[in-house]
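Accompanying notes for the structure given below.
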Amino acid sequence: MEFEKLLKGLESNFSSASLRDLAATILRLADSIDQDCNSEHVRSTYPMFSRAARIERNAMQLGVVAAKEQSRAKVRDDAIGPDIIGIPAWNMLLELFRQFAGGAKVSTKSLQLIAGCPETTALRIIDRLEQRGLVIRTQSAADRRVTFINLTREGVVTVGLVLERLSD
C-alpha cells in the first residue's frame, strides 16, 4: 500500500520527463559509487602536445558545452518529440564526454536512459560506436552484471572537436 501511495504521489507531482531525469541522475550516482570515484585519481592519459591532450585540458569547459547541447536536444525533443528527430548516438556521445570530463565511466543502462531508446537499440548503437573506435566497454569490478562504456582517445578527439566548433 505504501508503495502504491508513493507511486501515485510521484505521478501527480512529476512529469514523466522529470522522473526520467531523476532516474538518469540516480544511475550516474550508482555508476560513481561502483567506481569508487575519487577525483584525486584522475590523471592525464595523453601525450602533452597531442590534440587529445588539448581537448583533455579543456574537458571541463567542453563538458559544459556538452551539457548545453544536451539541454538544447531535450528542449527540441520535448517540443517536437524524440521519436521524430531524436539523435540517440549523439546523446550517448555527449554524456560520455561529460563523464570523461569528470573522470567517470557510464553504464550501458545509463546510456540507454540518456538516449531515450529501447535497450536493444542502445546496445546496437554502442556496438556501432565501438566498431568505429569511438568507445570501449569494460566490466565493473564491483558488479560483473554492469558494463561501463568509455570514450576511446579517438572518441574524445572526435566529440571534443565538434564541441569546440559548437562553443565558438
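The values are calculated or read from the model by the stated rules, or taken from the named source; none is laboratory data. Just so it is clear, the structure is predicted and the values come from calculations on it, not from any experiment. We place every Cβ from the backbone using ideal geometry, glycine too, and count neighbours over all the protein chains shown. The area values use the complete protein model at the heavy-atom level, side chains included, leaving out ligands, DNA and RNA. Shrake-Rupley method; radii C 1.70, N 1.55, O 1.52, S 1.80 Å.
List of remarks:
- Residues of the stretch 113-122 classified as free of Cβ contacts under 8 Å to residues at least 40 places away in the same chain and under 9 Å from MET92 (Cβ atoms), total: 2
- Subset of the stretch 113-124 (residues that are assigned to a helix (DSSP H, G or I) and open to solvent by less than 80 Å² (accessible area, probe 1.4 Å)): LEU113, ILE114, ALA115, THR121, ALA122, LEU123
- Qualifying residue in the stretch 120-133 (condition: over 19 Å from ALA23 (Cα atoms), at pLDDT 90 or above and touching a Gly at 6+ places or on another chain (Cβ under 8 Å)): yes
- In the stretch 99-109, residue nearest to the chain's Cα centre (by Cα) [restricted to those that are closer than 21 Å to GLU119 by Cα and open to solvent by 30 Å² or more (accessible area, probe 1.4 Å)]: GLN99
The rows are residues; the columns are (1) out of contact with any helix residue (DSSP H, G or I) (no Cβ under 6 Å at 6 or more places or on another chain); (2) not in a helix (DSSP H, G or I).
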site	(1), (2)
ILE126	yes, no
GLY133	no, yes
ASP143	yes, yes
PHE148	yes, yes
GLU154	yes, no
GLY160	no, no
